[in-house]
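Asks: Mind having a look at this structure? Questions to follow.
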Amino acid sequence: MNEIFEIFSAVVGTFVLGAFSILFGLSVKGIDRKISARMQWRIGSPLRQPFRDVRKLLLKESVLPKNAVSWIYNSSPVISLASLLTILLFIPIGSIPALLGGSGDIIVVLYLLIIPSIAIIIGGYSSGSPFSSVGAQREMVLLISYELPLAMVIFTLAWRLNILYPSYSALSFETFQKFPIWNSVSFLGFIGAGIFLIVILLVTTAELAKVPFDIPEAETEIAEGVYVEYSGRNYAMFYLADAVKIVVLSAIIIAIFFPYNLSPLLSQYYPVAPWLGYTIDILFFMFKTIIIAIIAMTFLRTSLARLKIDQIVKVYWFHLFTASLIAMILIALDTMGVF
Amino acid sequence: MVEVNEMVKIFEGRLNCEVKVQSRKCGVKKIEKHELFVRVEREKFMKAVKLLFEIQDYPHFSVISATDFGEKIELLYHFTVDYGKRNQEKLVTLGVSLPKDDLKIETITELIPGAMISEREIHEMMGVEFIGLKDTRHFFLPEDWPDGKYPWRRDETFPEEMTNKMYERWKEVSRDE
Amino acid sequence: MNDTTYTIPVGPVHPALKEPIELVLNVEGEKIVGVDVICSQVHRGIEWLGMNRNNTVQNIYLSERVCGICNVCHPYCMVMAVEDALGMEVPERANYIRTIVAELERIHSHLLWAGVAAHEIGFDTVFHYSWALREEIMDTIEYVTGNRVTKAIMMVGGVRRDIDKDRRERIEKAMEYYLQHFHKIEDIFLHDKTIKMRTRNTGILTKEDALKLCAVGPLARASGVKKDVRQDMPYGAYAELDMRAITPDMYTGEIVGDVYDRIIVRLLEVKQSVELIKGALENMPSGPILSEKNYVKLLSILKRAEGEGIGRVEAPRGEDIHYVRLEKGKESFLSWKIRAPTYNNVLPWIPMLLGGEIADVPIVAASTDPCMSCLNRVTVVDEDKNKKYEITKDYMHEQSLKKTRRLMRNE
């Protein structure tokens, strides 16, 4: 009986979580557009514009290009969205623990995070347009570029926590949640973690493929690149995947760097009912997500021009790699207690 | 830099042709601007272009304009020399008349690669053949343009049946209803 | 062409190109190894109409519609060619007004270009900033000439509208606005690091190539060719206003001939235009604005005239040249050739793009400020060969007329 209840709650939870992340992701997109417009001396579209876009896309016909490989072409948007929704099951949201927290850790999340990009690459190649092919090539280069700094950030921090708390599973989000990284390091490690935060924020921009790292789409160069042939429902899936991706990436950053919740703090002063605590924590989570999205997405994309592919590889493999290396050394020194 | 009078003498002496100088007082300060119209025979045309290269290293080629005079077609090559110097620029126009039954002239793209578009345009609009022009595809007209139809001509090769007589259609449609 | 190269068509419709033109690129990975340019998408036959249908005064308005952006320089050029053929003198005040209007157009065109260039490299914020700044000049143009876009101010032998005290104040106000605010986008363009990263050493056109391929305008000047019709063969009031061609070494001390240099040239030209307009407003003499006020008389002069003339104007994009030939007893021109600046600036694309990356295509193409409607001008519908499309243009036109009538009946 207990098992059935567990499965039932997981299924219902997945639906709720999926609906929440899609709706919230679209709202973040709306906020992003509004702020960006205000920064550009424009009025901008209303906050509900992304919802309208999705509605309109869902109503439209999905065109299949003549030289496309239909089953790959049609399945890649679904894979993209599905894998992103799956990631959410492994990440804690607010004070609610991850739905499948026991069955997967950060490594699963990192692998699942690659799948949308792979789906886009395959979808781009299968659509049979030269623009998509160039876009897919670029997406691949971008993927290779940002994976290295991202892996360095996560594994260095996990190593640090593992040394401090050997009895806990190092690569699970619960450990990160329990021992916030800022409390577990001294001065040098603090600087290192700060550098890592900047690195991961820049990785987020590339993961979301926003200016200055939006080369796979690059409207004026290759006409939306990988998405050029997609239309209607298929494109709506990608649109939703993009929205969910914002939530997912922000949730990962929050889980690693800002796992703080408001309800424990409040309960010291007032007795807080559990449901109220959850609500407050989710609202706080949403607030943190919006802040991260604005920093990693809106500000960067409004104030920078698009970089070229060689410049992006240089940014990730030289500048950010060096930065992560320095941060790694700082944290290592901190762990060894040299100073 | 060569003064206008000298330039006229050079052209008249070397090419044995007539040079028309059109001088106009221009602007508020009444600065004289000079336009030279040098009309040469077809055989001497390349010599005239090379003469321009003697006057300046890179004479600026503007465009070729073409006029259909019935029996012959006149091509005017508009050049400017002495550019980049204040108030000193001169317009030199080399004119060549080609009889309708022998519309051939040497290309100048060897000397001035920038003349390619202009030569291709005259080729498709007027039907003049440029000897030595490598790229003779259509530039402005569509690829499937019929052979032997030249829109800028004033004779039977003008594609009369293709012109868009919108105003006539308007009348027809009114009558229908 | 080997196994590793493949072809990417940029255009005829592509977000990087605001007007239809087709670039066929052969690429290896991201590198461009072959370029071909195909025009003929928007050829409208303006010269043909001028030679066969319209009279001279109608041609002024036709030439205004050669291009929406260069709607002063084409009619200016045309009336100069006609005046040249007639030997007609233009009143001084008219020369000043023409100069002012042409410079107003240059400011608006360069600001428009600045926005487009920023958009091409994915910098939408600067695009919005430049276009917001452009609004002031558009409002001024509307106040002075009555229209935002087609200004309809040129006439054979002068101009059609005077700049009175009220309009003069409006222009002065706009110039003050630009002196105060222009540095905002100038700063971004010249000092922003990402813009510099994208434009420095991109799309280099050497001086020799510029001379050989007959490049004109800011493109040639950025490569170090000090060529500017306003300086070399002054028309209008430019001789009195101390006009100098602008090259990028005035700002950076060196000439590279890349996209960044073209940005410098255009930005400095906006400032120069502001100075020129202020100078022209100060020195503007009083007097008539038309040498022949009676249009009927003017038309009969034009009909009786015989001769040929050339008009040259420095358009925002470069040298614009019109050749006009008048014949006695013929109302329309015997011969009319429009040479818009883009005509010469298309061929330099090939050396600029070869060896570059796909990412460079939009900004390099935009850096010449191409204007396809200027470049292309004959409209003829080939009914025989268009059979492959089921709907012919005539059919569509017919349907459109019927629909208009239907709507009119239902009113």
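Asks: In whole angstrom, how far apart do the alpha carbon centroids of the stretch A:107-148 and the stretch A:194-213 sit?
Replies: Spelled out, the Cα-based centre of one part sits 17 Å from the other.
Asks: Let me ask another. Return the whole-Å distance between the Cα centroid of the stretch B:53-67 and the Cα centroid of the stretch C:104-142.
Replies: Centre-to-centre distance over Cα atoms comes out at 34 Å.
Asks: Under the √(5λ) rule applied to the eigenvalues of the Cα gyration tensor, what semi-axes describe the equivalent ellipsoid of the protein assembly as shown? Give them in Å, descending. Intermediate results must be reported in sequence, preceding the final value.
Replies: Values: eigenvalues 770, 181, 147 Å².
In descending order, the three semi-axes are 62, 30, 27 Å.
Asks: For each of B:91, A:110, A:59, A:330, count neighbouring Cβ atoms within 10 Å of the residue's Cβ, then give the residues from fewest to most.
Replies: Values: B:91 20, A:110 17, A:59 10, A:330 23.
Going from least to most buried by this count: A:59, A:110, B:91, A:330.
Asks: Can you run phi through the Karplus equation (6.51, -1.76, 1.60; θ = phi - 60°) for the stretch C:324-331 and list ³J(HN,Hα) in whole Hz, with x for Gly and Pro?
Replies: 10, 10, 9, 10, 4, x, 10, 6
Asks: Could you pull out every residue, at least 5 positions away or on a different chain, whose amide H is within less than 5 Å of the one on residue B:106? Hs are placed 1.01 Å off N in the peptide plane, and Pro or chain starts have none.
Replies: B:131
Asks: Tilt of helix A:130-164 relative to the longest C-alpha principal axis of chain A, in degrees (0 to 90, nearest 10)?
Replies: Computed tilt is about 0 degrees.
Asks: Could you list C:119, C:181 in order of exposure, starting from the residue whose Cβ has the fewest other Cβ atoms within 10 Å? Walk me through the numbers before you get to the answer.
Replies: Numbers: C:119 24, C:181 14.
Exposure proxy ranking, most exposed first: C:181, C:119.
Asks: Now, a different point. Around residue C:321, what is the net charge, scoring Lys/Arg as +1 and Asp/Glu as -1 over all other residues with Cβ under 10 Å from its Cβ? Could the numbers behind the result be given before it?
Replies: On the way: positive: C:312, C:337, C:339; negative: C:319, C:320.
Neighbourhood net charge equals +1.
Asks: Using amide H atoms built 1.01 Å from N in the peptide plane, name the residues 5+ places from residue B:73, or on other chains, whose amide H lies under 5 Å from its own.
Replies: Long-range HN contacts for residue B:73: B:98, B:100.
Asks: Would you mind computing, in nm to one decimal, how far apart the modelled labels at residue A:67 and residue A:37 are, each placed 7 Å from Cα along Cα→Cβ?
Replies: In this crude spin-label approximation the distance works out to 3.9 nm.
Asks: Going by alpha carbons, how many degrees (0 to 90, nearest 10) lie between the helix axis of A:49-59 and the longest principal axis of chain A?
Replies: Rounded to the nearest ten degrees, it is 50.
Asks: Right, next: Normalised by the number of residues in the stretch B:4-176, what is the relative contact order in percent for Cα pairs under 8 Å and 6+ residues apart? Don't skip to the end; give the middle numbers.
Replies: Details: 255 pairs, mean separation 25.9, N = 173.
Here the relative contact order equals 15 percent.
Asks: Further question: What whole-number distance in Å separates the alpha-carbon centres of the stretch B:70-104 and the stretch A:319-333?
Replies: 69
Asks: Here is a follow-up. Which residue, A:17, A:26, A:320, tops the fluctuation ranking in a GNM of chain A built on C-alpha contacts under 10 Å?
Replies: Judging by the Gaussian network model, the answer is A:17.
Asks: Now for a separate question. Counting only other residues whose beta carbon sits under 12 Å from that of residue B:23, what net charge do I get with K and R as +1, D and E as -1?
Replies: On the way: positive: B:20, B:24, B:25, B:30, B:33, B:90; negative: B:32, B:35, C:84.
With Lys, Arg at +1 and Asp, Glu at -1, the neighbours total +3.
Asks: With N set to the number of residues, divide the alpha-carbon radius of gyration of the stretch A:10-93 by 2.2 N^0.38 Å and report two decimals. Can you show the working numbers first?
Replies: Working: Rg = 16.4 Å, N = 84, 2.2 N^0.38 = 11.8 Å.
For the stretch A:10-93, the normalised Cα radius of gyration comes out at 1.38.
Asks: For chain A, build the charge dipole from Cβ charges (+1 Lys, Arg; -1 Asp, Glu) around the Cα centre, then report which of A:23, A:161, A:275 sits farthest towards its positive end.
Replies: A:23
Asks: Moving on. Using alpha carbons only, how many degrees (0 to 90, rounded to 10) separate the axis of helix A:321-336 from the longest principal axis of chain A?
Replies: That helix lies at roughly 10 degrees to the long axis.
Asks: Continuing with this model, one more query. If amide hydrogens are placed 1.01 Å from N in the peptide plane, which non-local residues have theirs closer than 5 Å to the one on residue C:45?
Replies: Excluding prolines and chain starts, which carry no amide H, the hits are C:377, C:378, C:379.
Asks: Give me the one-decimal Kirkwood hydrodynamic radius in Å for the stretch A:2-336, with the sum taken over alpha-carbon pairs. Intermediate values should be presented prior to the final figure.
Replies: Values: mean 1/r = 0.0479 Å⁻¹.
This gives a value of 20.9 Å.
Asks: What is the order of C:235, A:125, B:58, fewest Cβ neighbours within 10 Å to most?
Replies: Values: C:235 26, A:125 22, B:58 19.
So the ranking, lowest neighbour count to highest, is B:58, A:125, C:235.
Asks: Averaged over peptide C:312-321, how many Cβ atoms belonging to another chain are found within 10 Å of each residue's Cβ?
Replies: Values: counts 7, 0, 0, 0, 0, 0, 0, 4, 1, 6.
Whole-number average of other-chain Cβ neighbours for C:312-321 is 2.
Since every read-out is calculated from the coordinates, none of them should be taken as a lab result. These figures come from a predicted structure and were not determined experimentally. Cβ sites come from the backbone with ideal geometry, for glycine too, and all protein chains shown count toward neighbours.
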